[in-house]
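A.B. asks: One structure follows; several queries about it will come next.
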Amino acid sequence: MAKGILYLLPVPLAEQAERKSYSLLHYELINTIKEYIVENEKTARRFLKEAGLKTPQSELIIHDYGKHIRDKVDYSILFKNLETGKDVGLMSEAGCPGIADPGADVVAEAHRRGIKVVPLVGPSSILLSLMASGFNGQNFSFKGYLPIDKSARNKAIKDLEGQSLREKCTQIFIETPFRNNQLLAELLKTCKPNTRLCVACNITAADEQIISTTISKWKGLTYDFHKKPCIFLIYAS
């Protein structure tokens with residue numbers, strides 16, 4: 001018996017950004033697929049509705065892969081219908097499944113089971129911020145979260161700046177939104193004046209803000225990124 005396909009469905013990064021976030025193929029697939037593995041059921045159901053779902057949501061099978069139950073998930077249940085030929089969609093809470101996202105574990109399990117995986121085009125805050133930064137897009141590294149401890153974070157920033165200078169590598173990282181301003185202040189204090197810093201805030205939202213300039217010029221700017229989703233990039237030269 002042929003197995004189904006696991007489709008990786010990107011989800012909008014911001015509210016009212018649906019038209020920027022999906023294609024005609026999304027529309028076709030969501031009106032074919034009846035089963036989903038999701039990180040956030042509320043977000044997933046809203047996206048399906050706004051993307052043009054015609055199937056009554058009561059008829060959908062939704063598997064919760066959220067952080068509170070992730071360690072208890074039974075993959076035999078998650079993959080039961082995929083094993084018998086039914087297609088299933090995988091959705092992150094926002095952005096692309098598997099990119100800085102726990103959905104990577106689901107994808108890995110699909111490969112172990114010999115199930116075809118098909119990624120769909122969609123928004124990735126990491127790639128969109130890199131595109132808009134003007135930094136090196138041929139050599140870059142995503143570091144996730146930097147340490148919370150101040151001394152460890154200071155060392156991490158210096159190490160990233162040094163690696164960027166040596167290897168001409170764009171360094172990309174994130175922070176919990178309520179600590180954005182503290183991280184930015186640390187970057188301005190630690191990095192060299194000519195190092196370039198980009199902050200991409202609320203990507204694809206109506207109030208999207210992307211600032212890319214040198215550390216020395218950043219020090220003359222007024223900003224407030226508190227509680228706003230941001231991507232940070234540095235490039236030393």
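The values are calculated or read from the model by the stated rules, or taken from the named source; none is laboratory data. No experiment lies behind these values; they were computed from the predicted model shown. Because the Cβ atoms are built from the backbone with ideal geometry, glycine has one as well, and the counts that use them run over all protein chains shown. These accessible areas exclude ligands, DNA and RNA; they are computed on the full protein's heavy atoms, side chains included. Shrake-Rupley method; radii C 1.70, N 1.55, O 1.52, S 1.80 Å.
A.B. asks: Restricting to DSSP H runs of at least four residues, report the calculated mean residue ellipticity at 222 nm for the chain, -39500 (n - 2.57) per run over all residues, nearest 500 deg cm²/dmol.
C.D. replies: That comes out to -9000 deg cm²/dmol.
A.B. asks: Would you please give the FRET efficiency between I77 and L24, computed as 1/(1 + (r/R0)^6) with r the Cβ-Cβ distance and R0 = 25 Å, to the nearest 0.05?
C.D. replies: It comes out at approximately 0.20.
A.B. asks: Within the chain, what is the longest stretch that has no GluC sites (Glu not before Pro) placed in a DSSP loop and near at most 16 other beta-carbon atoms within 10 Å? Each step should come with its number before you reach the end.
C.D. replies: On the way: sites that count: E15, E208.
Answer - 16-207.
A.B. asks: Hey, another quick one. Which of the three applies to the chain, rounded, prolate or oblate, going by the alpha-carbon gyration tensor with a ≥ b ≥ c and a/c under 1.5 meaning rounded?
C.D. replies: prolate
A.B. asks: When the accessible area of the chain is computed with all protein chains present and a 1.4 Å probe, what percentage of it is carbon and sulfur? Walk me through the intermediate numbers first.
C.D. replies: Details: 6480 of 12390 Å².
About 52 percent, which is the carbon plus sulfur part of the accessible surface.
A.B. asks: In Å², and per residue, what accessible area does the chain have when probed at 1.4 Å with the other protein chains present? Present the calculation step by step, with values, prior to reporting the outcome.
C.D. replies: Details: 12390 Å² over 237 residues.
Here the residues of the chain average 52 Å² of exposed surface.
A.B. asks: Same structure again: Quick check: the angle from helix 180-190's long axis to the longest principal axis of the chain, C-alpha only, nearest 10 degrees?
C.D. replies: 40
A.B. asks: Alpha carbon centre of the range 132-208 versus the range 79-127: separation in Å?
C.D. replies: Cα centres, the range 132-208 to the range 79-127: 28 Å.
A.B. asks: Would you look at the GNM of the chain, springs on alpha carbons closer than 10 Å, and say which of P102, P12, P123 moves the most?
C.D. replies: Fluctuation is largest for P102.
A.B. asks: For a quick check: with amide H placed at 1.01 Å from N, whose amide H comes under 5 Å from K116's, ignoring anything fewer than 5 positions away on the same chain?
C.D. replies: It is L6, by chain and number.
A.B. asks: Just in the range 1-100: which trypsin sites (Lys or Arg not before Pro) are loop by DSSP and have at most 12 other Cβ atoms within 10 Å?
C.D. replies: Counting only loop positions with at most 12 other Cβ atoms within 10 Å, the trypsin sites (Lys or Arg not before Pro) in the range 1-100 are K54, K67.
A.B. asks: Here's another thing I want to ask about it. So which lysines pass the test for K217, namely a Cα distance under 29 Å, with those fewer than 8 places away in the same chain ruled out?
C.D. replies: Once the sequence-local lysines are set aside, what remains near K217 is K143, K150, K155, K158, K168, K189, K192, K227, K228.
A.B. asks: Contact order normalised by length for the chain, with contacts defined as Cα pairs under 8 Å and 6 or more residues apart; what percent is it?
C.D. replies: It comes to 23 percent, rounded to a whole number.
A.B. asks: Between K189 and K150, what is 0.36 nm times their sequence separation minus the Cα-Cα distance? Round to one decimal in nm. Mind dumping the intermediate values first?
C.D. replies: Working: separation 39, 0.36 × 39 = 14.04 nm, distance 1.22 nm.
Gain on stretching K189 to K150: 12.8 nm.
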